[in-house]
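Beneath this line is the structure, given in structure tokens, with notes to follow.
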Amino acid sequence: MMKKYLIYGILGLTALGCSSDKKSGAYETADVQKQSSALSSDTVVTEKIVKTADMRFRVKDVQSAKEKLGSILKAEGGMIAEFSTHSMIRQNEKVKYSADSLLELIAYRVEGLVVARIPSEKLDDFTNTVAKMAVFIDDQSLKQDDQSLNYLSNQLKSKNKVEAVTQLNNSVSGKKVIVAERSLALKDELVDNRMNNLQTDRNVRYSTITLNFYQDNTIKKMIVVNDNLSDYRPDFFKRFWLSFENGWGVFKEFILILANLWALILVAVAVYFVFRHYRRKKLIA
């Protein structure tokens, strides 16, 4: 009889446990479904396409091309973000033009660089206009970078950080300094995420195009000062007379040196005659 009641008790507890597990599982399933539903409502992907383009082409005149590009960009609602020019000297030569001047001949090529920002919807029209303006197109490219998922990721991270900051600010803890530091770090990360998305929005609205253009080699003629010092020397007869005068001056200096050494010269002459006298006397003996 006791065994019978014991078996009934075990079966009852097992049934109760199963019922409890089913309810718990149902609650967990409902919670997961709720979270999944909330996540799906937040994960709506907005298309964020960033366009960049590059062109290299030849023009008749670099400066005129730059001014024309600026006018076109202004009409299309764009702007020049960067501009520069560079002259590459291919060959340089100087020939004598007169006694004090030279004719300088320079063969060079001018290259220009324009980095522009233009509304994305007008990028194709702008590149077509530039292609018509060019004498010859070396190369042209277009790149589309899909930033949609990164944009959504920053949005979700920002939302999570807002909730985390709220929870930290509402938490009661003795470690207020640690909570404040953690809250500040989350706020900084939140700002970074928002700035990244703002930059993405700007890049989506305005495309960046890099334009490299150049003109044909140009010859420049200039009259410059003759910097060859040898050409400024006096003529032959003038230099001959100057050399004669210089030689006469050297000779006079030599005489003055001898005058300063008269005593030594006198002693040398005396020694010579004494030596000659004794030599002659020795030969006679």
**Request:** For segment 91-134, name all the residues that are of a type in the set (K, R) and more than 25 Å from D231 (Cβ to Cβ).
**Result:** R109, R117, K122, K132
**Message:** Which residue is modelled with the lowest pLDDT, if the candidates are limited to segment 228-253 and must be in a helix (DSSP H, G or I) and among the charged types (D, E, K, R)?
**Reply:** D231
**Prompt:** Give me the pairs: first residue in segment 93-110 and within 24 Å of D61 (Cβ to Cβ), second residue assigned to a loop (DSSP other than H, G, I, E, B) and modelled with pLDDT of 85 or more, beta-carbon distance under 6 Å, and six or more apart or on different chains, which are they?
**Reply:** A107/N217; R109/N217; V110/Q215
**Request:** Being under 60 Å from the mean Cα position of the chain (by Cα) and exposed (fewer than 10 other Cβ atoms within 10 Å of the Cβ) is the filter; apply it to segment 233-258 and report the residue that is nearest to H86 (Cα to Cα).
**Result:** R233
**Asked** If you take the residues of segment 61-99 that are of a type in the set (A, V, I, L, M, F, W, C) and in a strand (DSSP E or B), which of them is surrounded by the fewest Cβ atoms within 10 Å (Cβ to Cβ)?
**Response** V95
**Prompt:** Which one of V177, V225 is open to solvent by 80 Å² or more (accessible area, probe 1.4 Å), of a type outside the set (S, T, N, Q) and modelled with pLDDT under 80?
**Reply:** V177
**Request:** Could you list, in sequence order, all residues of segment 143-168 that are open to solvent by 60 Å² or more (accessible area, probe 1.4 Å) and either of a type outside the set (A, V, I, L, M, F, W, C) or modelled with pLDDT of 90 or more (or both)?
**Result:** K143, Q144, D145, D146, N150, Q155, K157, K159, N160, E163, T166, Q167
**Asked** What is the residue count in segment 126-142 for residues that are assigned to a helix (DSSP H, G or I) and surrounded by 13 or more Cβ atoms within 10 Å (Cβ to Cβ)?
**Response** 5
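The values are calculated or read from the model by the stated rules, or taken from the named source; none is laboratory data. What you are looking at is a predicted structure, and each value in this text was computed from that prediction instead of being measured. Please note: Cβ atoms are built from the backbone with ideal geometry, for glycine as well, and neighbour counts cover all protein chains shown. These accessible areas exclude ligands, DNA and RNA; they are computed on the full protein's heavy atoms, side chains included. Shrake-Rupley method; radii C 1.70, N 1.55, O 1.52, S 1.80 Å.
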